[in-house]
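Rule-based calculations on the coordinates, nothing more; no lab input. Quick caveat, the model's predicted, so the values are computed rather than measured. FYI the Cβ positions are ideal-geometry reconstructions off the backbone, even for glycines, and counts take in every protein chain you see.
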């Protein structure tokens, strides 16, 4: 059940990011609303807390290569997300593409438990 909630929160987090990224282009004034600024932090905090809980339940501990890869992907996702929501012009587009690539990588690693998910090996 925790895994299902974690997955649902991950989808909600990415969906919310995509919506906010769209607003950054077409209606940036919406980003200033209090609920828009607060709700992602609530979702992401719950997502991270459940992720840590699930990781601590793993038989081999939290330093498995695929889990480390997910954490590094998360750092990239956060960095590119900042570029998307705070950047202007082409940096916003680079941030959006980078964040979405990181999100796809994180999901792929999570489902395969393979850090090198896109290699042919």
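Tabulated data
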quantity	calculated
FRET efficiency, residue 18 to residue 66 (Cβ-Cβ, R0 30 Å, nearest 0.05)	0.75
Computed E for residue 91/residue 36 - FRET, C-beta separation, R0 30 angstrom, nearest 0.05	0.90
Mean Cα-pair separation over length for the chain, i.e. relative contact order, pairs under 8 Å, 6 or more apart, %	24
Span from the the range 70-105 Cα centroid across to the the range 1-31 one, whole angstrom	13
Computed [θ] at 222 nm, helices only, for the chain once each DSSP H run of length n ≥ 4 contributes -39500 (n - 2.57)	-27000 deg cm²/dmol
The range 68-121 - Rg and Dmax from Cα coordinates, angstrom	12.2, 39
Over the range 14-71 - Rg/Rh using Cα atoms and the Kirkwood inverse-distance radius	1.17
Extension gain from residue 49 to residue 1, taking 0.36 nm per residue of separation minus the Cα-Cα distance	15.8 nm
With 10 Å bins from 0: P(r) over the chain, alpha-carbon pairs, percent	13, 42, 31, 12, 2
Nearest-ten-degree value, helix 2-26 long axis tilted from longest Cα axis of the chain	20
